[in-house]
Amino acid sequence: MDALDALINRVSVPRLCEPAPDAAQRERLFRAALRAPDHGQLRPWRFLTVEGDDRVALGELFASALAARSGDASVEALTKARGMPLRAPLLVVVIARLQAHPKVPRQEQLIAAGCAAHAMLIAAHAQGIGAVWRTGELSYDAQVNQGLGLTADEQVVGYLYLGSPEREPRTPTPLAVEDFVSAWSPARG
């Protein structure tokens, strides 16, 4: 698939099934991520893969965190939290590794990690792999972060759910470029 086609036509694919990406496909996903813009060459990211029974353990971590943060979480909410990691055969946890640097602010490093996640989505689409980037309140939960082994200088950017599309991905709705782009002029401010 041509690079521009992958960029222009990528869509989120939330309905995923087996098989997960194979070893060669995963290698390409991570190689793409490692080419994200990276001011200062800090490589402010790392990735965790979660698959098989480890998805069940991640679901238990999610449910435990939800129960701790909301003592009155419903059975339905806890069941949903347990099932979230089971919606794809492979999850990649994208983690920003924020470092003190005199010229590269933490915000810029966080954006770089987000670019790495986006590069993986594009690489997945180019290989015919279904993918969706998910976040939500548990992405920013201290108990979940601890359970994932994050340090104080790390934060989850998102969870990439990867697998085979259950059905043909939708065609993206074209957006009018002129609705989002304008020329700046100092006279107009």
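What the table below lists for this structure:
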| read-out | value |
| --- | --- |
| Test: residue in region 95-115 that is acidic (D, E) and within 23 Å of G163 (Cα to Cα) | no |
| Subset of region 128-160 (residues that are buried (at least 18 other Cβ atoms within 10 Å of the Cβ) and not in a strand (DSSP E or B)) | I129, L138, D141, V144, N145, L150 |
| Set L110, L86, L138, L121: member being free of Cβ contacts under 8 Å to residues at least 40 places away in the same chain, within 17 Å of the chain's Cα centre (by Cα) and closer than 23 Å to S12 by Cβ | L86 |
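Where a number appears in this text, it was derived from the coordinates with a stated rule and is not lab data. Bear in mind the structure is a predicted one, so any value in this text is a computation, not a measurement. Virtual Cβ from ideal backbone geometry, glycine too; neighbours counted across all protein chains shown.
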